[in-house]
1. Of (1) surrounded by fewer than 18 Cβ atoms within 10 Å (Cβ to Cβ); (2) over 17 Å from the mean Cα position of the chain (by Cα); (3) of a type outside the set (Phe, Trp, Tyr), residue 162 satisfies all except one. Which?
2. Is one or more of the residues making up segment 271-278 part of a strand (DSSP E or B) and open to solvent by 20 Å² or more (accessible area, probe 1.4 Å)?
3. Is it true that some residue in segment 227-235 is outside any strand (DSSP E or B) and out of contact with any Lys or Arg (no Cβ under 7 Å at 6 or more places or on another chain)?
4. Which residue, of 305, 296, 384, 341, is modelled with pLDDT of 90 or more and outside any strand (DSSP E or B)?
5. Mind checking which residues of segment 233-253 are surrounded by fewer than 18 Cβ atoms within 10 Å (Cβ to Cβ), at pLDDT 95 or above and not acidic (Asp, Glu)?
6. Would you check which residues across segment 279-293 are surrounded by 13 or more Cβ atoms within 10 Å (Cβ to Cβ) and in a strand (DSSP E or B) and list them?
7. Can you pull out the residues in segment 209-229 that are more than 36 Å from the chain's Cα centre (by Cα) and of a type in the set (Lys, Arg)?
8. Which residues, taken from segment 87-131, are open to solvent by 40 Å² or more (accessible area, probe 1.4 Å), within 26 Å of residue 58 (Cβ to Cβ) and not in a strand (DSSP E or B)?
Amino acid sequence: MIEVVAKLGRGPVFLAGEVLECVITFTNPLSASSTSASSEMLAWASAQIHCQFHASENRVALPPSDGSKHDVQAENETVFVPNRGERGQCILSTPPKILFCDLRLDPGESKSYSYCETLPVDAPPSFRGQSVKYVYKLTIGCQRVNSPIKLLRVPFRVLVLHGLKDYQFPQDEAVAPSNPFLEEEEGLKKDSRLADLATELLMVATSRRSLHLYNISNTRGKVGTFCIFKTVYKIGEDVIGTFNFSEGDIPCLQFSVSLQTEESIQEEFQRRRGQPVSFTVHARHQESCLHTAQSSFSLPIPLSSTPGFTTNIVSLKWRLHFEFVTSGESAGTCLVRGSQSEAVTWTGVEQMEVDTFSWDLPIKVLPTNPILASYVSQFSSTNSITI
């Protein structure tokens, strides 16, 4: 028996363009209960990254695939096929890398191997939507002599930040920022600079603040104003906005604000022409606001959510969806006098005419530092299998 443990040292979230590093350890455990122990042999081990794409048959019409393709590993058990048994299509795969050949482990002995691979900059992000899914995995294949191949799959998440693809690192390392107290390999140094560059680009894009004022009105008149200071956010941030109903002509009885994503299929891949887009609500705020001069809301953007992106098949956009309930009468008639005595009690009316309308405000949501996103990831940094 051999235990195989794969560990992602920095966490299970990466930016497209970064270097994924995984340490794979092979151990021949020495059990205290066993009376006889022997050496174990592995013929070979290999590792490869792949992205699986899966689409809903009811929503997406994909071009017909090549029916002549079949699972070669089912016929030849010495061929490494990382996506064997996986759903959907493999749309991206890196070249396989051999970790070793003919490994012998004595009882209690273990050996570790480091796997490094650069994630393609133009790769799609990880996404689990209502119509399509993009799922990334690092697959490690191992085989004993005269035994079937065993696969250890390590799922991870990929974030995509536009702008990294066109960045050119300085050729002169003397002028590049570095830490003189740390000795880093060239690949890791470039990977670290890429993460620092992404953090800087995100900070510049999301720190710009300017007052955005919107008049809220319906066919009968002005209801109020809405104020927001920025429309570009990172996942993990809070979307904050304020309302001012004091200058409105129409009383607002209730409002709700929903943070939503809009998942739409490109026209050439739609199952039905003009099919509706899919909406997902990530956060919602609802409030009764009659006779309220000002109000506000704060909606968190989940770190586990997918930033906006566009591929040749699907597009994901973010928006704030507002719904307002206004009175069909003046503000003074929304209360009735309940007593003619000196102590006057005002109560709400039992029935009143209302109008409802909605409004959508597009916003832009970008990724965040992958280390921060790793803290809430559903994936584990360590995966294992016994062969």
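The values are calculated or read from the model by the stated rules, or taken from the named source; none is laboratory data. Computed from a prediction, not measured in an experiment: that's the story for all the values here. Cβ coordinates were reconstructed from backbone atoms using ideal geometry, including for glycine residues, and neighbour counts include every protein chain displayed. Heads up: the accessible areas ignore ligands, DNA and RNA and are worked out on the full protein's heavy atoms, side chains in. Shrake-Rupley method; radii C 1.70, N 1.55, O 1.52, S 1.80 Å.
1. (2)
2. no
3. yes
4. The unique qualifying residue is 305.
5. 240, 242, 244, listed by residue number.
6. Residues satisfying the conditions are 279, 280, 282, 283, 284, 285, 287.
7. Selection gives 220, 222.
8. Those that are open to solvent by 40 Å² or more (accessible area, probe 1.4 Å), within 26 Å of residue 58 (Cβ to Cβ) and not in a strand (DSSP E or B): 87, 88, 130.
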